[in-house]
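The values are calculated or read from the model by the stated rules, or taken from the named source; none is laboratory data. Worth saying up front: this structure is predicted, and the values here are computed from it rather than measured. Positions of Cβ are backbone-derived with ideal geometry, glycine not excepted, and every protein chain shown enters the neighbour counts.
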Amino acid sequence: MEQTLIILKPDAVRNKHVGNIIARIEKEGFNIVALKKITLKDKDAKKFYAVHKERPFYKDLCKFMTTGPVVVAVLEAPGAVEKWRKLIGATDPAQAEANTIRKLYAESKEANAVHGSDSEKNAKGEIKFFFKAAELKGKL
Ligand code: UDP
Ligand code: MG
């Protein structure tokens, strides 16, 4: 069974969309393997988004990710990585399809409500970044 790492970003938490997003996750058939609310430190955000460090939005993005708590979770489903990417929609909510999570809940291209791993390989690394093996026992 495939797994992916998701983040409900500070805007989604601040705007109280956590309950609705989690309800949608369950309705769409994902199993929630692990889930926790944490606040990222500047160094955590910088490390997590290091692949974007040359991009013009990197600094602001890292700052935004530390503006409040986030919810990080590991989801499991057949084809979980692609399934979640499809469900969240385009990076910019203005470009996201109707009824996607970003269309419904995002504030802007930066404060776009949710993160999702972009490949199985990156999902494995991102899951390790946030969760210890002992936390990943929430299988059905
Ligand atoms: N981002 C931004 N400006 C941009 C592109 C991306 O602020 O022009 C932010 C946005 O929060 C996005 C994150 O950087 O979710 C990572 O960018 P990526 O291209 O990986 O988008 P994603 O995979 O999240 O759709
Ligand atoms: Mg990405």
*Of the residues LYS86, LYS132, which single one is without any contact (Cβ under 8 Å) to a residue 24 or more places away in the chain, basic (Lys, Arg) and under 21 Å from GLU26 (Cβ atoms)?*
LYS86
*Only one residue in ASN112, ASN99 is polar (S, T, N, Q), over 18 Å from GLU2 (Cβ atoms) and in contact (Cβ under 8 Å) with a residue 12 or more places away in the chain, so which one is that?*
ASN112
*Could you tell me which of the residues LYS41, LYS63, LYS53, LYS36 is more than 15 Å from ligand 2 (Cβ to nearest atom) and without any contact (Cβ under 8 Å) to a residue 24 or more places away in the chain?*
LYS63
*Evaluate the following for VAL13: is it on the phi < 0 side of the Ramachandran plot, touching a residue at least 24 places away in the same chain (Cβ under 8 Å) and not in a helix (DSSP H, G or I)?*
no
_Please go through (1) out of contact with any Cys (no Cβ under 7 Å at 6 or more places or on another chain); (2) free of Cβ contacts under 8 Å to residues at least 24 places away in the same chain; (3) crowded, with 17+ Cβ neighbours inside 10 Å; (4) more than 15 Å from ILE25 (Cβ to Cβ) for TYR58 and return the number of the only condition it doesn't satisfy._
(3)
*Out of segment 23-33, which residues are of a type in the set (A, V, I, L, M) and without any contact (Cβ under 8 Å) to a residue 12 or more places away in the chain?*
ALA23
*May I ask you to say which residue of GLY79, GLY89, GLY29, GLY68 is within 16 Å of ligand 2 (Cβ to nearest atom) and at pLDDT 95 or above?*
GLY89
_Give me the residue from segment 88-108 that is surrounded by fewer than 17 Cβ atoms within 10 Å (Cβ to Cβ) and within 14 Å of the chain's Cα centre (by Cα) and, out of that set, farthest from ligand 1 (Cβ to nearest atom)._
ALA90
*Subset tally (residues that are within 12 Å of ligand 1 (Cβ to nearest atom) and in a helix (DSSP H, G or I)) for segment 34-84*: 15
